[in-house]
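> Structure in structure tokens, see below.
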Amino acid sequence: MATPAIKHTSAVLKLPRRVKNIGSFAQAILTALTGNASFPNPSPPLATVEADLAAFNTAEAAVLSRTKGAAQERNVKLVTLRADMDHLMAYVQQVADATPSSAASIIESAGLAVRKVTLHTKSDISVEKGSVSGSAKLVAKSVGARASYEWQYSTDQKTWLNAPPTLQAKTEIDGLTAGTAYFFRFRGVTKAGPGDYSQVVTLLVA
């Protein structure tokens, strides 16, 4: 059974490699976020970031003027500014995740880069051909110790038939009709009672 894939749009903070360029980069993000209706409550507040940016720029100017000890002070201010940028990126990502269809444009409006990634989520049940014709092997995600597992199968997802329950998170169902597509699901039963049925997987039985 193929692993489900989810496409996700991520915000990327492409900080310049040269320290002297970081101030202008941070200012561009501040400008993009200021008055941006998509981001009503930036975290940290933009006033805080502006103050930290001003402190960094002052420290960087001291470095350029070769003031003794200025580089160490500038580096301290840089750490603070970078943390601000990371937190703003996380905030932008949170806003973008709330509206997946517009995530890319939301992220770009904040002055950040966009990266689209595919996330693979592990299914809580998998199915494959069984050891003999007319059978199917099922493996479920464990629901904990001292649990049992109830299995069901169907050809139309309307009428479900019960297979024998097991104490292990796996089973093999036989007696199926070869050449027919079957749907399978399970639920775990613990001391708290039966859980919800899993997602449905399908297999063309051989």
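Just so it is clear, none of the values below were taken in a lab; they were calculated from the coordinates. Just so we're clear, the structure is a prediction, and the values are computed from it rather than from any experiment. All Cβ positions, glycine included, derive from the backbone under ideal geometry; neighbour counts span all protein chains shown.
> Which translational diffusion coefficient, to the nearest whole µm²/s, is obtained for the stretch 125-204 from the Stokes-Einstein equation, given a Kirkwood hydrodynamic radius over C-alpha pairs, 10 °C and 1.306 mPa s?
Taking Rh from Cα pairs, D becomes 125 µm²/s.
> Let me ask something else. Quick one: ARG146, ARG187, fewest Cβ neighbours within 10 Å first, how do they rank?
The fewest-first ordering by Cβ neighbours comes to ARG146, ARG187.
> Among all the lysines, which ones have a C-alpha under 29 Å from LYS77's C-alpha, if same-chain residues fewer than 8 places away are not counted?
Partners within reach: LYS14, LYS20, LYS68.
> Right, here's the next one. Excluding ALA55 itself, calculate the net charge of residues whose Cβ lies under 12 Å from the Cβ of ALA55, where each Lys or Arg counts +1 and each Asp or Glu counts -1.
-3
> Return the lysines within reach of LYS7: Cα separation strictly under 21 angstrom, same-chain partners fewer than 8 residues apart disregarded; answer none if there are no such residues.
Within the straight-line limit of under 21 Å, LYS7 reaches these lysines: LYS116, LYS122.
> Another question, then. Please rank PHE186, PHE56, fewest neighbouring Cβ atoms within 10 Å first, as an exposure proxy.
Starting with the residue having the fewest Cβ neighbours, the order is PHE56, PHE186.
> Taking a cut-off of 18 Å between Cα atoms, list the aspartates and glutamates near LYS158, but don't count ones fewer than 8 places away on the same chain.
Correct list for LYS158: GLU150, ASP196.
> With +1 assigned to the C-beta of every Lys and Arg and -1 to the C-beta of every Asp and Glu, and no other charges, what is the dipole magnitude of the stretch 25-114 about the Cα centre in debye, to the nearest 20?
The dipole of the stretch 25-114 has a size of about 360 debye.
> Additional query: Compute the semi-axes of the equivalent ellipsoid of the chain, taking the square root of 5 times each eigenvalue of the Cα gyration tensor, and list them largest first in whole Å.
Numbers: eigenvalues 650, 62, 48 Å².
They are 57, 18, 15 Å, listed from largest to smallest.
> Here's a follow-up. Find the Rg to Rh ratio for the stretch 30-92, where Rh is the Kirkwood radius over alpha-carbon pairs and Rg uses the same atoms. Walk me through the numbers before you get to the answer.
Details: Rg = 13.5 Å, Rh = 12.5 Å.
Taking Rg over the Kirkwood Rh, I get 1.08.
> Then there is this: Please label the shape of the stretch 5-119 as rounded, prolate or oblate, based on the square roots a ≥ b ≥ c of the eigenvalues of the alpha-carbon gyration tensor (a/c under 1.5 means rounded; beyond that, a/b larger than b/c means prolate, else oblate).
Numbers: a/c = 2.96, a/b = 2.09, b/c = 1.41.
Prolate, because a/c is 1.5 or more and a/b exceeds b/c.
> Follow-up. To the nearest 20 debye, what is the magnitude of the charge dipole of the stretch 125-204 about its Cα centre, counting +1 on the Cβ of each Lys and Arg and -1 on the Cβ of each Asp and Glu?
It works out to roughly 260 debye.
> Give the residue list of GluC sites (Glu not before Pro) in the stretch 1-98 that are DSSP loop and have at most 15 other beta-carbon atoms within 10 angstrom.
Here no GluC sites (Glu not before Pro) fit, given the DSSP loop and packing criteria.
> Please compute the length gained on full extension between LEU15 and LYS116, using 0.36 nm multiplied by the number of residues separating them and subtracting their Cα-Cα distance.
34.5 nm
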